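Asks: Before we start, here is the structure in question, set down as structure tokens.
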Amino acid sequence: MKSFIRKLTLCALLGASTGVHAVEILIPNGNFDAGSTGWLRVDGSGQGPAVTFAAGGNPGGYGSVTPNGGWGILVSPTVAGNAGGGVPLADLGLTAGTTVTFTYDSKNITGPGPVGGFKWEAWGGNAIKGDTGERFPTLIGNGTTWETYTYTWTIPAGTEKLIFVPLWAGGANTSTVGFDNVGVDNTPVTPPPFVPDQIPNGDFEIALGVDWNEFTVGPAISYPSSGGNPGGHAVIDATTTDNFAAIQAFDGAEKTFASLGLVPGDTFTVQWDMQILEGTTTGGIQLVGGAGYTAPPPGEERPLRIGSGSTWETYTKTFTVPASPAQARFEFVWGFNSKVAFDNIFIVQPAPSGPLQATIAQVTSVSWTAGSQTNLYQPQQSTDNSNWTNLGSAFVGNAVSALFDITPSPFYRVLESVPAVSETIYNGDFSVEGLFAEDADGWIAVQSQLAFRLATGGRTGVDDPCMQLKVLNSDAAPNGSEVQQNTKDADFLNPGAGAVIPGNSYNFSLWVKQISSGITYEQRFKISFLDDTGAIKGDGGFVNFLRPVTGNWVEVTQNGLIAPAGATTALIQILGVTGAVAGGLGEVLIDDVSLKSAGFGTPTVLAATATPAVEISWPSTTGQSYQVQSAPNLVDWTNFGGVISGNNTTKSVYDTISIPAKFYKVGELP
């Protein structure tokens, strides 16, 4: 179950100090002032990326990468006197097993857009000991200025040398990206304390899967904001493409067992909630570490279904920490031919030893008046009554109207938002004609055989307009008919029309009447989310909507499309295409196209009441039960709340301060 209480240990994790940084040490020719010296070009297309070494860096020289028909990277293994490749740790003042901060400067040379990514590889002799994985950083600004990007990583045990791999901008992006000042701050960073019951965003309440990395060879991965156990959750859909897919905790980084408070021989349990949405196979878990290590048993392990698997159930897997390697990546994998949801993922450490030790700390109780069961309430805090940050996640309804803040602030407020369903598409019923009667305002007809607006024959009556997609091959050449709309540009009289809101969920629908369908004919639609430059930030993939020729209107839908970060508009594509066959044909009428957001409107500010409170915390043990008691003195003790079951995590209870003095104690029940 998800708690709305912010635990002390959680805040300690998020706010832990990373230490004082020393002067950065560059790798050999990390500033590119010596041109291409020490750098090689590697690509996956056989054509080679376009690589440039020029002036105009930050400052001086810089290196750039442009993919050329495939992916493209630079690598830095050519170091004088080191035929095996890589930069020796000693040359950088580094030691294996320590956590340090790696840095580089990057910008998008071709204009606004993503900057270059990177990967660090750790080698011992001729064997790889681990790597960071391909990392593409969150953009600073619009990407057109030199900015410094950092990544904190624990160097795997057994590492002797490092290789730095600057990457292109990622995915199918063809931007030219520049790199400069590649180096490392060799002051060891003290890793933040691990919270036993918390994998970052393990309950997926932070939208868009923040703190999770995706790796997929086909199956779709999404993060719905509702329908979990409860609230947000992650979904891996392998119903149409049954191939490897995984969500990786800790943003895909390998986690040292030492940072989890574990030593070789310890056992620990990973616990998660899971539900099969379609199909019959559960998702699974695997731990993958340096040098190809997979924690026993090898490969993905999928637990036996609990019941039919169609309801939320809790699954566990226990691991034993090996002597080597000293780190692993936590992955949750797809279910064969199934659509599987994940939620509430956390780690249960070994039972704490020693006598029970309880602590007490002063916190703040924040409360507000929630007058609606359907409105959204987002608590916020501020140090200056001007700059506000969210205090935990938002709540829907009035079941929760208070929380405890363990890092008290002088100012609090709550933003209240009313549910709002808004239509994003303009002229979805094609009632407004364009410059010519056969055009629909706001829509563009593309491909070899143009779509036509029909003034009659729509879904609701003879005089109702609709759009016709009709394709006919006069020879063996393929053809297509497509209509599309960029929602933000569709109504030029209102530039704000059709804008999408990142994080909101959108439902797409259209009505179709199949007129004909010949051999090789296919019909598809796709909804893509774009930024202001037209770059695709994410899409729902092409969906086939070919229907039997019955003469009836049929509704086609695709729900739960989440607008990704950076998205400002949507591109709707609806098309019919034929293959390379003489006489190929197909025709469909479409009407009432819709893309609606089930989100919330502009928030208004509610007052919040802050009162002093206390937090009582203690380490718990699985199988042990606890009772907290309170008293106005040290004699008249009464139970405070109910019995609390232990699970090897820190337990906390909270109380507002309402009398001059109050005492608390925690007892283990027999």
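Asks: Might you tell me the accessible area per residue for the chain, computed with a 1.4 Å probe and given in Å²?
Replies: 44
Asks: Under 17 Å Cα to Cα from Lys665, which aspartates and glutamates show up? Leave out anything in the same chain fewer than 8 places away.
Replies: Reachable aspartates and glutamates: Glu615, Asp636, Asp655.
Asks: Something else now. Do any chymotrypsin sites (Phe, Trp or Tyr not before Pro) in segment 225-278 lie in a loop, going by DSSP, with at most 15 other beta-carbon atoms within 10 Å of their beta carbon, and if so which?
Replies: Phe244
Asks: What percentage of the solvent-accessible surface of the chain, computed with a 1.4 Å probe over protein heavy atoms, is contributed by carbon and sulfur atoms? Mind dumping the intermediate values first?
Replies: Working: 16090 of 29610 Å².
Carbon and sulfur: 54 percent of the exposed surface of the chain.
Asks: Mind listing the phi-derived Karplus ³J(HN,Hα) values for segment 136-153, rounded to whole Hz, using 6.51, -1.76 and 1.60 with θ = phi - 60°, and x for any glycine or proline?
Replies: For segment 136-153, the Karplus curve yields 10, x, 5, 5, 9, x, 9, x, 8, 10, 5, 9, 9, 10, 10, 8, 8, 8 Hz.
Asks: Identify all lysines with a Cα-Cα distance to Lys537 below 24 Å; exclude those on the same chain that are fewer than 8 residues away in sequence.
Replies: Hits, sequence-local ones excluded: Lys107, Lys119, Lys339, Lys488, Lys526, Lys596.
Asks: Need the full-extension length gain, Asp441 to Ser625, defined as separation in residues times 0.36 nm minus the C-alpha distance. One decimal, nm. Please report the intermediate quantities before stating the final value.
Replies: Details: separation 184, 0.36 × 184 = 66.24 nm, distance 6.73 nm.
Here the answer is 59.5 nm.
Asks: While we're here: Can you tell me the FRET efficiency between Thr609 and Ser431 if r is taken as the Cβ-Cβ distance and R0 is 51 Å, rounded to the nearest 0.05?
Replies: 0.50
Asks: Just to be sure I understand, if you calculate Rg and Dmax of the Cα atoms in Å for this structure, which of (1) 28.7, 97; (2) 30.9, 112; (3) 37.9, 138 do you get?
Replies: Correct label, based on the coordinates given: (1).
Asks: Helix-only estimate, please: 222 nm mean residue ellipticity of the chain, summing -39500 (n - 2.57) across DSSP H runs of length 4 or more and dividing by its residues, to the nearest 500.
Replies: When only DSSP H runs of four or more count, the value is -500 deg cm²/dmol.
Asks: Along the charge dipole of the chain, Cβ charges K/R +1 and D/E -1, which of Leu162, Thr132, Gly265 sits furthest on the positive end?
Replies: Toward the positive end, the furthest listed residue is Gly265.
The values are calculated or read from the model by the stated rules, or taken from the named source; none is laboratory data. Since the model is a prediction, treat every value here as computed from it, not as a measurement. Virtual Cβ from ideal backbone geometry, glycine too; neighbours counted across all protein chains shown. Remember, those area values only see protein heavy atoms, side chains included, never the ligands or the DNA or RNA. Shrake-Rupley method; radii C 1.70, N 1.55, O 1.52, S 1.80 Å.
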